[in-house]
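Worksheet: the structure to be examined is printed underneath.
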Amino acid sequence: MGRLLIIGCGGVAGVAIHKCCQNSKTFSEICIASRTKSKCDDLKEKLEKTTETKITTAKVDADNVDELIALIKDYQPDAVLNVALPYQDLTIMDACLACKVDYIDTANYEPEDTDDPQWRAIYEKRCKDEGFTAYFDYSWQWAYQDRFKEAGITALLGSGFDPGVTSVFTAYALKHYFDEIETIDILDCNGGDHGYPFATNFNPEINLREVSANGSYWENGHWVETEPMEIKREYDFPKVGQKDMYLLHHEEIESLAKNVPGVKRIRFFMTFGQSYLTHMKCLENVGMLSTSPIMYEGREIVPIQFLKALLPDPASLGPRTVGKTNIGCIFTGKKDGKEKTIYIYNVCDHQECYKEVGSQAISYTTGVPAMIGAALVLDKVWDKDGVFNIEEFDPDPFMDMLNQYGLPWVVDENPQTVE
């Protein structure tokens with residue numbers, strides 16, 4: 001039994017909080033903290049009569065390290081689950097380090113202001129040294145390794161679905177099906193329909209920055225970068241059907257390339273419909289995806305943040321989204337000297353998620369693993385000092401909890417592969 005501080009109260013956080021309340025044996029107490037305390041209070045009121053978990057709420061600015069430290073010292077949690085924005089990873093890690101409390105997140109750090117000169121100099125050096133230009137990477141968080149180790153605390157990075165479950169699938173495949181993995185194709189299919197002409201299924205600012213950037217993949221020890229949406233494939237997803245998918249840069253490629261010995265190629269594909277791509281290209285062409293501030297009627301605004309305010313809140317999509325997601329990994333490699341291919345995947349139904357926790361499947365598939373990662377850290381099932389990606393731990397207890405808490409998985413030992 002333990003006490004968890006949850007920072008954030010958006011769609012993913014809402015699912016993680018519901019799931020914590022289903023697991024009162026581990027989470028005897030939780031505190032929900034956000035800049036907008038009323039959202040935390042509303043969720044507390046909704047859940048507190050349905051669970052044995054004691055729920056409290058707090059107001060905090062996750063950009064402010066001093067506020068975070070004060071909250072952690074006041075609440076005295078056993079761990080902190082960060083389901084806020086990736087921009088806030090480092091401030092929350094700093095606060096956990098100052099208070100010597102374990103840390104869990106779902107996505108790696110990226111800066112809010114990509115024009116900041118200090119960040120830009122480091123970023124441009126990384127682009128040159130590493131060979132990929134995405135704004136997000138793990139170097140900022142990996143740099144905390146020695147400090148977390150010396151403090152005797154754990155930082156668990158990327159406990160969502162992708163990254164997260166896809167990385168656990170990889171560790172599980174390597175442990176139970178392969179002597180060596182040669183290639184990994186991560187496939188993220190959302191076959192859902194929310195009925196809007198254009199909307200994003202998670203934070204619009206993060207989503208649109210990600211999918212409008214250059215793609216890249218890992219091959220033979222180095223990065224290969226592509227133009228945005230340059231590489232397209234088709235795949236017949238179980239229980240969803242035939243979909244177009246496009247190669248993107250994604251953060252787990254970076255950690256898996258580091259942590260899977262001898263892997264020769266890692267790619268990430270995500271499905272998009274033509275309407276989404278057309279809307280996105282139009283918005284990009286008129287400058288609405290820009291992260292650089294502009295002056296409008298005497299005040300400074302960031303175009304992509306203004307666009308976020310206009311688009312539907314992803315947390316509101318649940319009641320109107322129908323269809324299924326299919327997210328998983330196709331692995332090729334060798335076992336006992338013989339070639340082997342398997343596909344491990346999960347299928348999640350949008351309407352079933354809404355019936356259970358009031359969210360669509362995109363938030364559900366990230367929020368459930370966030371709870372599971374926090375539970376394994378809190379219960380000391382996963383207990384190592386330092387900063388670790390999720391594939392660096394024993395996958396078996398995580399895989400068991402996926403089945404227990406709503407994300408059952410399938411192993412196909414004769415799958416269709418991707419060209």
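Among the residues in region 109-131, are any in contact with an Asp or Glu (Cβ under 9 Å, 6 or more places away or on another chain), buried (at least 19 other Cβ atoms within 10 Å of the Cβ) and among the hydrophobic types (A, V, I, L, M, F, W, C)? No: region 109-131 contains no residue that is in contact with an Asp or Glu (Cβ under 9 Å, 6 or more places away or on another chain), buried (at least 19 other Cβ atoms within 10 Å of the Cβ) and among the hydrophobic types (A, V, I, L, M, F, W, C). Which residue is nearest to Glu29 (Cα to Cα), if the candidates are limited to region 334-385 and must be part of a helix (DSSP H, G or I) and touching a Pro at 6+ places or on another chain (Cβ under 8 Å)? For region 334-385, the residue satisfying everything is Leu376. Sort out which residues of region 140-155 are open to solvent by less than 50 Å² (accessible area, probe 1.4 Å) and within 26 Å of Val211 (Cβ to Cβ), and write them in order of number. Passing the criteria: only Gln141.
Confirm whether Ile362 is on the phi < 0 side of the Ramachandran plot and open to solvent by less than 10 Å² (accessible area, probe 1.4 Å). Judged against the criteria, Ile362 is not a match.
Quick grid of which residues meet (1) open to solvent by less than 20 Å² (accessible area, probe 1.4 Å); (2) under 22 Å from the mean Cα position of the chain (by Cα):
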{"position": "Gly8", "(1), (2)": "yes, yes"}
{"position": "Cys20", "(1), (2)": "yes, yes"}
{"position": "Glu29", "(1), (2)": "no, no"}
{"position": "Ser38", "(1), (2)": "no, no"}
{"position": "Glu52", "(1), (2)": "no, no"}
{"position": "Ile55", "(1), (2)": "yes, no"}
{"position": "Asp63", "(1), (2)": "no, yes"}
{"position": "Gln88", "(1), (2)": "yes, yes"}
{"position": "Ile104", "(1), (2)": "yes, yes"}
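Only one entry of Ala58, Ala16, Ala98, Ala79 meets the criterion of being modelled with pLDDT of 95 or more, over 19 Å from Leu378 (Cα atoms) and either of a type outside the set (Gly, Ala, Ser) or touching a helix residue (DSSP H, G or I) at 6+ places or on another chain (Cβ under 7 Å) (or both), and that entry is Ala58. Within region 380-395, residues that are open to solvent by less than 30 Å² (accessible area, probe 1.4 Å) reach partners that are in a loop (DSSP other than H, G, I, E, B) and small (Gly, Ala, Ser) with beta carbons closer than 9 Å, at six or more positions or on different chains, in the pairs Val387/Ala143; Asn389/Gly158; Ile390/Gly158; Ile390/Ser159; Glu391/Gly158. Taking region 394-419 only, how many residues are aromatic (Phe, Trp, Tyr) and out of contact with any Leu (no Cβ under 8 Å at 6 or more places or on another chain)? Qualifying residue count, region 394-419: 1. Among the conditions (1) over 19 Å from the mean Cα position of the chain (by Cα); (2) open to solvent by 10 Å² or more (accessible area, probe 1.4 Å); (3) over 27 Å from Tyr246 (Cα atoms); (4) not charged (D, E, K, R), the only one that Thr332 does not satisfy is (3). Residue count for region 174-209 under the criterion of being under 18 Å from the mean Cα position of the chain (by Cα) and free of Cβ contacts under 8 Å to residues at least 40 places away in the same chain: the result is 1. Acidic (Asp, Glu), open to solvent by 30 Å² or more (accessible area, probe 1.4 Å) and either at pLDDT 95 or above or within 25 Å of Ser363 (Cβ to Cβ) (or both): does that describe Asp193? When the stated conditions are applied, Asp193 passes them.
Just checking, does region 354-368 include any residue being in contact with a Leu (Cβ under 7 Å, 6 or more places away or on another chain) and of a type in the set (A, V, I, L, M)? Checking region 354-368: at least one residue is in contact with a Leu (Cβ under 7 Å, 6 or more places away or on another chain) and of a type in the set (A, V, I, L, M). Taking the criterion of being farther than 23 Å from Gly164 by Cα, of a type in the set (S, T, N, Q) and outside any loop (DSSP other than H, G, I, E, B), would at least one residue in region 73-94 satisfy it? Checked against the condition, which is being farther than 23 Å from Gly164 by Cα, of a type in the set (S, T, N, Q) and outside any loop (DSSP other than H, G, I, E, B), region 73-94 yields no hits at all. Restricting Leu407, Leu402 to those that are at pLDDT 95 or above, under 17 Å from the mean Cα position of the chain (by Cα), assigned to a loop (DSSP other than H, G, I, E, B) and not assigned by TED's automatic domain parsing to the domain that holds Phe27 reduces the list to Leu407. Residues in region 14-46 that are under 19 Å from Met1 (Cα atoms) and outside any strand (DSSP E or B): 11 in all.
The sole residue among Pro293, Pro261, Pro238 that is closer than 29 Å to Ser167 by Cα and surrounded by fewer than 16 Cβ atoms within 10 Å (Cβ to Cβ) is Pro261. Does Thr278 satisfy being more than 17 Å from the chain's Cα centre (by Cα), surrounded by 15 or more Cβ atoms within 10 Å (Cβ to Cβ) and of a type in the set (Val, Ile, Thr)? It is false that Thr278 is more than 17 Å from the chain's Cα centre (by Cα), surrounded by 15 or more Cβ atoms within 10 Å (Cβ to Cβ) and of a type in the set (Val, Ile, Thr). Could you go through region 308-322 and let me know if any residue there is free of Cβ contacts under 8 Å to residues at least 24 places away in the same chain, hydrophobic (A, V, I, L, M, F, W, C) and more than 30 Å from Thr170 (Cβ to Cβ). Yes. Can you tell me how many residues in region 116-159 are in contact (Cβ under 8 Å) with a residue 60 or more places away in the chain and not in a helix (DSSP H, G or I)? Within region 116-159, residues that are in contact (Cβ under 8 Å) with a residue 60 or more places away in the chain and not in a helix (DSSP H, G or I) number 17.
The values are calculated or read from the model by the stated rules, or taken from the named source; none is laboratory data. Since the model is a prediction, treat every value here as computed from it, not as a measurement. In this analysis, Cβ positions are derived from the backbone assuming ideal geometry, glycine residues included, and neighbour counts consider all displayed protein chains. Note: areas computed on protein heavy atoms with side chains; ligands, DNA, RNA excluded. Shrake-Rupley method; radii C 1.70, N 1.55, O 1.52, S 1.80 Å.
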